[in-house]
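Have a look at this one before I ask anything.
The values are calculated or read from the model by the stated rules, or taken from the named source; none is laboratory data. Owing to the predicted nature of the structure, the values given are computational and were not obtained by experimental measurement. Backbone-built Cβ (ideal geometry, glycine too); neighbour counts: all protein chains shown.
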Amino acid sequence: MARNNTLKLKFDSARKYAPAPESRSAAKIKDQYELFINGKFEKPLGKKYFDTINPATEEKLSRIAEANEADVDKAVKAARSAFGVWSKMVPKERGKYIFRIARMVQERARELAIVETLDGGKPIRESRDFDIPVVGNHFFYYAGWADKLEYAFPNRNVQPLGVAGQIIPWNFPLLMAAWKIAPALATGNTVVLKPAETTPLTALLLAEIIQEADLPPGVVNIITGAGATGAAIVNHPDINKIAFTGSTDVGKIIQRAIAGTGKKATLELGGKAANIIFDDAPIDQAVEGVINGIFFNQGHVCCAGSRLYVQESVYKEVVRKLKDRLETLIVGDPMDKNTDIGAINSKQQLDQINKYLKIGVKEGAEMYQSSVDLPKKGFFCRPTIFTNVAQSNRISQEEIFGPVLTIQTFRTDDEVIEKANNTPYGLSAGVWTDKGSKIFNMTIKLRAGVVWANTFNQFDPTSPFGGYKESGYGREGGLHGLGAYVTLSNVV
Ligand code: ADP
């Protein structure tokens, strides 16, 4: 378990020792970025561009090419042609290329972290200590698998799927790119990847790295654009596999689009994780875990612990401690190393969160927000707690994808299992207790792709990740992540 990947939100007192904010000048963002197709940066055929902005300041960062269907076709053709070379390459050689990418990510880690924070709004401490190191780890991990696939699938004939179309969201932009690209390459597939329209920059820097690492042209193509570009990838007839991380709504559109086409898919969609505190739990540790579980990355996390269930006898203590802790969270400039909660990724997402705050109040829940002053410019939201929540409330059933926690109570194990499982989702869950037997019981009965016990938000390239129910299907990460990119035939 990669313990040091856990977010540690700092206490206010740390501000006294604050070093200067990270310097924007360390990131050399170009005025304009083109599409990365067949190893070269190419202008979009439709000559269209869109702006990417810094959500903390609303200032334009760069102009980004918008790929149309003809560009997507060009990228898929490049990937198809490269597939012949890449899939037949000696596996050890493939591994060397992926290792090279991993090392170059490490060498450019500081710049990548700054660009991630500028483009997406997440605190620099998270980009620097979590996102970018884990990106490097993913490439290292899957590089190691490239020449060991016969150990992953003994006595099986293992074949790559072909061209993978990969569509990723804006909450962990470079990490999602690594998460998708690394296992696809290790297993001999080629890739057409589209980052989200609000956070295209680090994927484009990764394109530069891939070019510099001298991968055969067309093995990885990175094309930018919005939903229409994503749809063109999904609908392209020469794509063999779709790997999508994003909203459940778009996941359903993709499922419908590929029905009957024979395309394989892994879909990692929304979540509404239950975080459960039993009365025997170490309360301070649990409160800290709950804070991390919901406020990490502004709550823009599909596995965020957005529903807290507290056993009745410790409810008052937990709520009091959570409210106290809320007041210590620093909300503001994501480039400041002490910031706990940065900018909401976009105006659209802020509107969505604010809509849910109104819904919660209307549903009769009690809203508590920290009293922190928000910056005048940019998209920010106060960390928010709702008490007096009913299980059927929309704020308890629907994914808000922001720094908003609902709290309910429970008396018995059976009651909390029933409540925890009672949403359309099933991606993750957290359990806080002193009893091993309780953890065991919960992990069996909770319908969630990952259950964290006395911890939360632990991510590691070796662990499979994915959901039940409307949280999607397929697993990414670890050995299972390799399985998502190969076809096996049995050898008897
Ligand atoms: P969110 O709601 O969190 O913004 P989305 O699911 O809308 O997440 O977006 C995730 C990714 O899916 C983005 O890269 C986006 O451009 C892409 N996308 C949006 N609509 C479609 C679509 N109809 N087909 C394929 N990709 C899409």
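Starting from residues that are in a strand (DSSP E or B) and hydroxyl-bearing (Ser, Thr, Tyr), keep the ones in segment 407-433 and report whichever is farthest from residue 302 (Cα to Cα).
Ranking the candidates gives 409 first.
So residue 212 ticks every box in (1) more than 15 Å from the ligand (Cβ to nearest atom); (2) surrounded by 24 or more Cβ atoms within 10 Å (Cβ to Cβ) but one. Which box is left unticked?
Condition (2) is where residue 212 drops out.
Tally the residues that are out of contact with any Phe, Trp or Tyr (no Cβ under 8 Å at 6 or more places or on another chain) and either aromatic (Phe, Trp, Tyr) or at positive phi (or both), restricting the search to segment 131-160.
6
Give segment 160-177 a look and list any residue that's buried (at least 24 other Cβ atoms within 10 Å of the Cβ) and touching a Pro at 6+ places or on another chain (Cβ under 9 Å), or say none.
Matches in segment 160-177: 167, 168, 173, 174, 176, 177.
Are any residues in segment 327-384 among the basic types (Lys, Arg), assigned to a loop (DSSP other than H, G, I, E, B) and without any contact (Cβ under 8 Å) to a residue 40 or more places away in the chain, and if so, which ones?
Residue satisfying the conditions is 376 alone.
Okay, residues lined up against (1) among the β-branched types (Val, Ile, Thr); (2) at pLDDT 95 or above:
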residue: 118; (1), (2): no, yes
residue: 123; (1), (2): no, yes
residue: 128; (1), (2): no, yes
residue: 134; (1), (2): yes, yes
residue: 154; (1), (2): no, no
residue: 166; (1), (2): no, yes
residue: 169; (1), (2): no, yes
residue: 177; (1), (2): no, yes
residue: 194; (1), (2): no, yes
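Inspect segment 374-387 for any residue being surrounded by fewer than 14 Cβ atoms within 10 Å (Cβ to Cβ) and on the phi > 0 side of the Ramachandran plot and give the result as yes or no.
no
I want to confirm something. Restricting to segment 361-409 and keeping residues that are within 16 Å of the ligand (Cβ to nearest atom) and aromatic (Phe, Trp, Tyr), which single residue is farthest from residue 334 (Cα to Cα)?
401
Please count how many residues of segment 46-60 are in contact with a Leu (Cβ under 9 Å, 6 or more places away or on another chain) and either surrounded by fewer than 17 Cβ atoms within 10 Å (Cβ to Cβ) or under 20 Å from residue 220 (Cβ atoms) (or both).
1
Taking the condition of being farther than 12 Å from residue 179 by Cα and either surrounded by fewer than 18 Cβ atoms within 10 Å (Cβ to Cβ) or under 17 Å from the mean Cα position of the chain (by Cα) (or both), how many residues in segment 470-492 meet it?
Number of matching residues: 13.
For residue 112, state whether it is closer than 25 Å to residue 189 by Cβ and either touching a helix residue (DSSP H, G or I) at 6+ places or on another chain (Cβ under 8 Å) or outside any helix (DSSP H, G or I) (or both).
So residue 112 fits the description; yes.
Spot the failing condition for residue 63; the list is (1) surrounded by fewer than 22 Cβ atoms within 10 Å (Cβ to Cβ); (2) part of a helix (DSSP H, G or I), and only one is missed.
(2)
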